[in-house]
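In what follows, a single structure is set out as structure tokens and then discussed.
The values are calculated or read from the model by the stated rules, or taken from the named source; none is laboratory data. Note that the coordinates shown come from a computational prediction; the quantities given were computed from them, not determined experimentally. When we count neighbours, we look across all protein chains shown, and the Cβ atoms used for this are built from the backbone with ideal geometry, even at glycine. Please note that ligands, DNA and RNA were not included when accessible areas were found on the heavy atoms of the full protein model with its side chains. Shrake-Rupley method; radii C 1.70, N 1.55, O 1.52, S 1.80 Å.
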Amino acid sequence: MDAAMNCPKCNSEHAYQDGAFWVCPECAHEWSAEAAAAAETSQDAGVRDAHGNPLTDGDSVIVIKDLKVKGSSSVVKGGTKVRNIRLTEASDGHNIACKIDGIGAMNLKSEFVKKA
């Protein structure tokens, strides 16, 4: 069975279709195939900037406010343009890896940038 037929709650492989719904016999969770597909697309919406625009690798962004650099006395000024960003999966919320002129390589949160 493919992953679409696994239970979204407990990931059981024993889910079966009952009319318009899928049912998991292990945890008794019921869901519709359309709702599961909609949930997957909303989770895969990707990284978005402060204004809701989707970001991709290689984009240029502009920092929207002054940001202190942790462990340093320097500051990334608002209005600084950052080119050629890379999107990363980080648990701490810093989902943009980039290199800023005069400061060097660092990670940014997408909520503090806008697409250029």
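Points worth noting:
- Within the chain, the longest run free of exposed loop sites, counting trypsin sites (Lys or Arg not before Pro) that sit outside DSSP helix and strand states (H, G, I, E, B) and have at most 15 other Cβ atoms within 10 Å, spans 10-64.
- Each Cα pair under 8 Å and six or more residues apart adds its separation to the average, and for the range 60-115 the resulting relative contact order is 33 percent.
- Given charges at Cβ of Lys, Arg, Asp, Glu: the chain dipole, positive-most of His51, Ser72, Asn107: Ser72
- Portion, in percent, of the accessible area of the chain that falls on carbon or sulfur, probe 1.4 Å: 48 percent
- For percent of Cα pairs over 16 Å apart, calculated from these coordinates, the label among [x] 61; [y] 66; [z] 52: [y]
- Max mean-square fluctuation residue, GNM over the chain, Cα-Cα springs under 10 Å, options Ala97, Ala50, Ala15: Ala15
- Cα-based reach from Lys65 at 18 Å (exclusive), listing lysines while leaving out same-chain residues under 8 positions away: Lys77, Lys81, Lys99, Lys109, Lys114, Lys115
- Percentage relative contact order, the chain, counting C-alpha pairs under 8 Å, at least six apart: 19 percent
- Folded to 0 to 90 degrees: helix 33-43 orientation relative to the chain principal axis, Cα: 10 degrees
- Length gained when the stretch Lys77-Asp18 is fully extended (0.36 nm per residue, less Cα-Cα span): 15.5 nm
- One chain, two ends: Cys10 and Asn53. Fully extended at 0.36 nm per residue, the span grows by 12.2 nm beyond their Cα-Cα distance.
- With protein chains left intact and a 1.4 Å probe, residues in the range 7-116 average 67 Å² of accessible area per residue.
- Note, ³J(HN,Hα) from phi for the range 47-63, Karplus 6.51, -1.76, 1.60, rounded to Hz, x at Gly and Pro: 8, 10, 7, 5, 9, x, 7, x, 10, 10, 4, x, 5, 10, 10, 10, 6
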